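A short write-up of the structure that comes next.
The values are calculated or read from the model by the stated rules, or taken from the named source; none is laboratory data. Everything quoted here is computed from the prediction, not taken from an experiment. Cβ sites come from the backbone with ideal geometry, for glycine too, and all protein chains shown count toward neighbours. Just so you know, the surface numbers come from the protein's heavy atoms only, side chains and all, with ligands and any DNA or RNA stripped out. Shrake-Rupley method; radii C 1.70, N 1.55, O 1.52, S 1.80 Å.
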Amino acid sequence: QVQLVESGGGLVQAGDSLRLSCTASARTFSSYAMGWFRQAPGLERDIVASISSRGVITYYADSVKGRFTISRDNAKNTVYLQMNSLKPEDTAVYYCALRLTTMVGTTADEYPYWGQGTQVTVSS
């Protein structure tokens, strides 16, 4: 069973930065693509970014391109989401997820394993 544990959320002001981390218990972490999703109250869980197993290929939602960066350290079984120039509309619960393939995925149903989520709140 794979366990994912996120950290790094919090309350910040617009324009600030945060870095989220997600550590996985998977033995072969380097074989799996990872994704970050977010869900605001009353809305669906949407893709934020995804990264291939070796970190070569990344995908970003249009709303975060140029502001967020996904990266991974396979030696530490950890994926990161660096969030810069945060906006109030970035406020949501952020989830990391693991996909049982090497390639990026853009929809929630492609990811069988999920973390518990971490709250990010951006005040104006």
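Return yes when residue 47 is open to solvent by 10 Å² or more (accessible area, probe 1.4 Å) and closer than 18 Å to residue 87 by Cα and no when it is not. When the stated conditions are applied, residue 47 passes them.
Does residue 55 fit the bill of being exposed (fewer than 15 other Cβ atoms within 10 Å of the Cβ), over 17 Å from residue 4 (Cα atoms) and either small (Gly, Ala, Ser) or modelled with pLDDT under 95 (or both)? Criteria not met by residue 55. Listed by first and then second residue, the pairs linking a residue in the stretch 89-102 that is under 16 Å from residue 50 (Cα atoms) to a residue that is at pLDDT below 95 and of a type in the set (A, V, I, L, M, F, W, C), with Cβ atoms under 6 Å apart and 6 or more places separating them unless they lie on different chains, are 98/2. Tallying residues that are out of contact with any Cys (no Cβ under 6 Å at 6 or more places or on another chain) and open to solvent by less than 20 Å² (accessible area, probe 1.4 Å) within the stretch 22-44 yields 7. Criterion first (touching a Cys at 6+ places or on another chain (Cβ under 7 Å), of a type outside the set (Lys, Arg) and within 22 Å of residue 102 (Cβ to Cβ)) does residue 79 satisfy it? Yes: the conditions hold for residue 79. The residue pairs whose first member lies in the stretch 28-44 and is free of Cβ contacts under 8 Å to residues at least 24 places away in the same chain, whose second member is of a type in the set (Val, Ile, Thr), and whose beta carbons are closer than 9 Å, counting only pairs six or more residues apart or on different chains, are 41/93.
So that you can scan it fast, the table gives a plain yes or no per residue for (1) over 15 Å from the mean Cα position of the chain (by Cα); (2) surrounded by fewer than 14 Cβ atoms within 10 Å (Cβ to Cβ); (3) outside any loop (DSSP other than H, G, I, E, B):
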position: 65; (1), (2), (3): no, yes, no
position: 72; (1), (2), (3): no, no, yes
position: 75; (1), (2), (3): yes, yes, yes
position: 81; (1), (2), (3): no, no, yes
position: 89; (1), (2), (3): yes, yes, yes
position: 93; (1), (2), (3): no, no, yes
position: 96; (1), (2), (3): no, no, yes
position: 102; (1), (2), (3): yes, no, no
position: 105; (1), (2), (3): no, no, no
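Return the pairs, sorted by first residue and then second, in which the second residue is at pLDDT below 95 and loosely packed, with under 15 Cβ neighbours inside 10 Å, the first residue lies in the stretch 68-82 and is on the phi > 0 side of the Ramachandran plot, the beta carbons are less than 7 Å apart, and the residues are 6+ apart or on different chains. Hits for this filter: zero, empty list. Annotation: of all residues in the stretch 107-124 being out of contact with any Lys or Arg (no Cβ under 7 Å at 6 or more places or on another chain) and part of a strand (DSSP E or B), the one that is least open to solvent (accessible area, probe 1.4 Å) is 120.
The number of residues in the stretch 1-13 that are outside any strand (DSSP E or B) and surrounded by fewer than 14 Cβ atoms within 10 Å (Cβ to Cβ) comes to 2.
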